[in-house]
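To keep things clear, I will list the structure first and then write my remarks on it.
What follows draws every value from the coordinates through simple rules; no lab data is involved. In this text, all values refer to a predicted model and were calculated from it rather than measured experimentally. As a convention, Cβ positions derive from the backbone with ideal geometry for all residues, glycine included, and neighbour counts pool all protein chains shown.
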């Protein structure tokens, strides 16, 4: 397989984009990426989107996007894996370049969630419709069960959950594309509206419109376009049971640990070699669980680690969600996985401004769907 | 890129499968394929499905399917390109094997359309929501416009359209998995209910539940599993405008001709080298237009060709839709592209029974989404 590089990116501001359609959002992000990379053509397009059929009545997004980008007849494919759709769009683009089938590929993600659909019901289509949703559970409830189990098993505290949100808002305040740039306190999280015990409003990522896009190409031509290509070291993906009730434990997400195991092995890396990571913090508890499943901390030590600043930009061992994460930057579900890649790209090329992690060489992005039934891990390296 | 082979297949009966869920359908088709190929593991799964979120309230099909197949943590990805979802699932699987990333891949397609959703509205999400659907047009109307333009420009007759349906029912009568196995006459087509002038009920493919799956592997291990692997000669894809009104002409589907041009060039083949073809006859007119755009007949000669028996199994120059096509076999939209590959596989390995085309060495499958905004072409060869 060929070596693959990321050579440019574009994204919209994340938030409630009332005056932009899903097409406007995609085109803005994609033209930004094409312009940023300076490429003169694209061989193939991948679009990650979770539920555009339900959100805005539009499926067939590959063709729609190629058309509105003025790029026909370029092959354009939509991939969907719930909230991991963006990460999987990136992975398919990576495989397309690695195979030698395409030289230059656009990997994008998009979601328009604020146009009137019942968002909680739409998102619940990522859970098992027959065994979970039919019985009344939606995602805040599923992650609340994970949180309760983790608090029971490992004495993780309510304050540690809050510390995740506080850190991520603090990072997001320095991200001009973030939906929420306000600093919040532990007390504010603890006193926000209860959503699904123990999770409160400020433990939950928001409902967001947004798009994100990156350009990948084979490493042997990357230097034609930029002095600072970023190498895709490895791209893995794993699956777990769609329903929580089928799992041996609620406190380990097996798709995450399996994808990580494969990624570290293929890349010949250890968790301690990773300089920063973008993790899927759809709820505060998920960042804690995932930081453990990736091997950054021992099982049960993810909560204390956040509280002790081990995941902060300043002085942290492994800065996590320097972009603000899903919590502060926002979570347009299909775009999230690509936005994670963009944060790594900015960090590894020294463009992250006030969020810059010093001596960042290797970054890891972890993106998952549902309650962790699908997971992608992409590791990038400055060259 | 590595050489890739198809080594086995499985499919459900197509029809109104009231007693089977989308999971049951997928599992039946996939286990059939795994059993038929005799493989002991799968490295990666692709699932083509158009609109399972709207049809049955279930997105995240990759994870659902890996789970219900008992195959976690195997990476499993859903791809969507409206009615071309199956063809694109096959193409992504092909690229995965060709890249060297996976050795053995399951490419499946599934759709459960009879569970109560408004099917016409769900299918219309494959057209441009803002410019076409909002103004009241749905797919029978779009293809009726194509038919009227073709009849006007090339003197294609109403009877020639009917001849497509008659031929395809005649072929499907010999396909045990077909939804409709009844022989029909030109008069029956001409006297069936008017749907969108000039298209009548018997010009339209039906609403269908069904699943189909094939196993792909690298050619260098294919002989371990079967004496009759079928080689994937080429797999191409192209895009066109999502809306009809944007096109220079209604009588040529550019995504089809562009994907074909690329396929013939890469494979160093000409249309006359193809021994049989499965074309996307969602409406009778589309088989005629596509048979011309693929170069089997001059522009305007597709209608007379069907009437003269040039596309029939017995004595035809190029037998088309020997399976019965979408018209008679049925059209579970996400599964259709894979079912086309299965027909080619059965024909190229001499397993097609009463539908068998003599001396079939090279087969072409053409699968498209919407009114031709996306198209895949896969050419297979007996080895």
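Relative contact order, percent, of chain B when contacts are C-alpha pairs under 8 Å separated by at least 6 residues?
Details: 973 pairs, mean separation 100.1, N = 383.
About 26 percent, as a whole number.
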Item to check | Between region B:79-127 and region B:212-262, the Cα center-to-center distance that results, in Å | outcome: 13
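Please state, as a whole number in µm²/s, the translational diffusion coefficient that the Stokes-Einstein equation yields for the protein assembly as shown at 4 °C and 1.567 mPa s, with Rh defined as the Kirkwood radius across alpha carbon pairs.
Using the Kirkwood radius from Cα pairs, D works out to 50 µm²/s.
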Checklist entry - Gap in Å between the Cα centre of region A:354-383 and the Cα centre of region B:322-383? => result 41
Checklist entry - Taking the Cα atoms of region B:113-189 alone, what are Rg (to one decimal) and Dmax (as a whole number) in Å? => result 15.9, 42
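Per residue Cα convex hull volume for region A:146-199, in cubic angstrom?
On the way: hull volume 4.6 nm³, N = 54.
Dividing the Cα hull volume of region A:146-199 by its residues yields 85 Å³.
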Checklist entry - If you draw the axis that swings chain B onto chain A, which residue of B has its Cβ closest to it, and how far is that in whole Å? => result B:99, 2
Item to check | Crossing angle, helix B:158-172 versus chain B [Cα axis fit, 0-90 degrees, rounded to tens] | outcome: 30
Checklist entry - Of A:291, A:102, A:81, which has the largest mean-square fluctuation in a 10 Å C-alpha GNM of chain A? => result A:102
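Peptide A:82-89: average number of partner chain Cβ atoms within 10 Å per residue? Each step should come with its number before you reach the end.
Details: counts 7, 1, 4, 5, 0, 0, 6, 1.
The per-residue average across the peptide is 3.
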Item to check | Candidates B:150, B:280, B:331, ranked by Gaussian network fluctuation over chain B, Cα under 10 Å, top entry | outcome: B:150
Item to check | In degrees, nearest ten, helix A:22-37 long axis to first principal axis of chain A (Cα) | outcome: 60
Checklist entry - Which of B:165, B:335, B:263 moves most in a GNM of chain B, Cα contacts under 10 Å? => result B:263
Checklist outcome for this item: The alpha-carbon pair-distance distribution computed for region A:331-383, with 5 angstrom bins and whole-percent values, is 4, 20, 27, 20, 15, 9, 4
Next on the checklist: With every atom except the alpha carbons ignored, what do you get for Rg and Dmax of chain B, in angstroms?
Outcome noted: 18.9, 56
Next on the checklist: Ordered shortest first, which distances in nm separate the 7 Å Cα→C-beta label point of residue B:353 from those of the other copies?
Outcome noted: 6.7
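Computed over the Cα atoms, what is the radius of gyration of region A:179-288 divided by 2.2 N^0.38 Å, N being its residue count?
On the way: Rg = 18.7 Å, N = 110, 2.2 N^0.38 = 13.1 Å.
With N residues counted in region A:179-288, Rg over 2.2 N^0.38 Å equals 1.43.
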Checklist entry - How big, on average over all directions, is the shadow cast by the Cα convex hull of region A:200-354, in nm²? => result 10.6
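Roughly what % of DSSP beta bridges within chain A run antiparallel, to the nearest 5? Spell out each step's value before the answer.
Details: 38 of 52 bridges.
The antiparallel proportion sits near 75 percent.
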Checklist outcome for this item: Relative to chain B, whose Cα atoms define the longest principal axis, helix B:85-98 and its Cα axis are tilted in degrees, nearest 10, by 40
Checklist entry - Got the residue A:197 label distances to the other copies yet, label 7 Å along Cα→Cβ, in nm, shortest first? => result 6.6
Checklist outcome for this item: Whole-Å distance linking the alpha carbon centroid of region A:178-208 with that of region A:28-63 is 30
Next on the checklist: Per-residue Cβ counts within 10 Å, from other chains only, averaged over B:232-242: what number is that?
Outcome noted: 5
Checklist entry - Across the residues of A:46-53, average count of Cβ atoms on other protein chains within 10 Å? => result 3
Item to check | Label point 7 Å beyond Cα along the C-beta direction, distances from residue B:249 to other copies (nm, shortest first) | outcome: 6.5
Checklist outcome for this item: Nearest-0.05 FRET efficiency for residue B:359 and residue B:221 at R0 = 35 Å, using Cβ-Cβ distance, is 0.80
